[in-house]
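The values are calculated or read from the model by the stated rules, or taken from the named source; none is laboratory data. Keep in mind that this is a model prediction, so the values were computed, not measured. Here Cβ is always computed from backbone atoms with ideal geometry, including for glycine, and neighbour counts include all displayed protein chains. Heads up: the accessible areas ignore ligands, DNA and RNA and are worked out on the full protein's heavy atoms, side chains in. Shrake-Rupley method; radii C 1.70, N 1.55, O 1.52, S 1.80 Å.
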Amino acid sequence: MKNDNELRKKGMQALVGALGTTEAMRFVAIAMREPFDYTEWRKTLFEDETLESLHEKIRDFEKRQKMKEVIS
C-alpha cells in the first residue's frame, strides 16, 4: 500500500498523463471547490456499461500495460 505522498504523486502523474498539465490543474481546482459524494458517483460510474464492454476495456488496459513493460 502506498503512503499518502506516493498516492498523491501517482495520481497527479496519471492526471497529467491523461489530461496534460493545464487540464489536470483545472480538474484539481474543480474537484476542490465542488462537493463530491464518492458513494453517489460510484453508483452511476458503470451504469451505461455491460459486462462485456467492461471486460473488453480491462483486456485493452492489460495489453497497454504489457506493452509499456516491454518498452521500458
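If you take the square roots of the eigenvalues of the alpha-carbon gyration tensor of the chain and sort them as a ≥ b ≥ c, do you get rounded (a/c under 1.5), prolate (a/b over b/c) or oblate?
Oblate, because a/c is 1.5 or more while a/b does not exceed b/c.
For region 1-71, trypsin sites (Lys or Arg not before Pro) are listed when DSSP marks them as loop and at most 14 other Cβ atoms sit within 10 Å of their Cβ; the list is Lys2. Here the calculated FRET efficiency for Lys10 and Thr50, from their Cβ-Cβ distance with R0 = 35 Å, stands at 0.75, rounded to the nearest 0.05.
Once all protein chains are placed together, Thr44 keeps about 70 Å² accessible to a 1.4 angstrom probe. Taking θ as phi - 60° and the Karplus parameters 6.51, -1.76 and 1.60, the scalar couplings of region 6-21 work out to 5, 5, 4, 5, 4, x, 5, 4, 5, 4, 5, x, 7, 10, x, 4 Hz in sequence order, x denoting glycine and proline.
Can you send over the carbon and sulfur percentage of the accessible area for region 22-72, probe radius 1.4 Å, protein chains only? It is 59 percent, rounded to a whole number.
Might you tell me the accessible area per residue for the chain, computed with a 1.4 Å probe and given in Å²?
That works out to 98 Å² for each residue.
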